[in-house]
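Following: one structure in structure tokens, then a few remarks.
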Amino acid sequence: MIGLDTNVIVRLLTNDEPEHVAVAQRYLQNRCSDSNPAWIGIIATIETVWVLQSRYRFDRATIADAFERILRAAHVVFEAEEHVTAALAEYRDGADFSDALMSRLNRAEGCTTTITFDRRAASQLDGLTLLAADGVP
């Protein structure tokens with residue numbers, strides 16, 4: 001597998017540096033296959049969403065659409081792909097992407113819940129429990 005760094009993913013999604021995009025596309029076309037796919041890890045996924053939101057000011061639908069295109073692309077594999085897909089749906093509905101993904105990953109590892117002080121996140125996501133000031137959920 002060939003791991004993709006956040007900056008490569010961002011270049012491919014934004015086309016803001018066409019010369020880098022061309023180099024990355026050529027590399028991936030020549031090097032990636034079913035037996036040697038491009039790998040997008042959890043950290044790169046979360047970082048990419050953050051960069052597209054904060055730096056590029058892309059809206060949720062645009063970001064979710066872009067990731068869904070990547071998820072369907074040949075020769076690309078996401079770490080915890082089923083959880084990324086589900087978190088994108090929750091993100092599209094208004095949840096924070098990293099909160100949604102964290103909640104899903106924690107549940108997959110056997111956590112019964114994930115405690116948080118984030119009221120909004122706890123109200124939006126089934127896998128999060130608001131921790132009250134007295135320490136009682």
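The values are calculated or read from the model by the stated rules, or taken from the named source; none is laboratory data. From a predicted model like this one, the values you see are computed outputs, not experimental measurements. Note: ideal-geometry Cβ built from the backbone for every residue, glycine included; neighbour counts use all protein chains shown. For accessibility, only protein heavy atoms count, side chains too; no ligands or nucleic acids. Shrake-Rupley method; radii C 1.70, N 1.55, O 1.52, S 1.80 Å.
For T129, the residues whose modelled amide H falls within less than 5 Å of its own, excluding neighbours fewer than 5 places apart on the same chain, are T114, I115, T116. Using a Gaussian network model of the chain in which every pair of alpha carbons under 10 angstrom is joined by a spring, one finds that among H75, H20, H83 the greatest mean-square fluctuation is at H20. Work out the P(r) tail for the chain: percent of alpha carbon pairs separated by more than 19 Å, whole number. Result: 54 percent of Cα pairs exceed 19 Å.
Using a 1.4 Å probe over the heavy atoms of the protein chains, calculate the carbon and sulfur portion of the accessible area of the chain as a whole percent. Carbon and sulfur: 51 percent of the exposed surface of the chain. Loop-located GluC sites (Glu not before Pro) in the range 1-102 (DSSP state other than H, G, I, E, B) with a sparse environment of at most 14 neighbouring Cβ atoms within 10 Å are absent. Per residue, the average separation of C-alpha pairs within less than 8 Å and at least 6 apart gives the chain a relative contact order of 17 percent.
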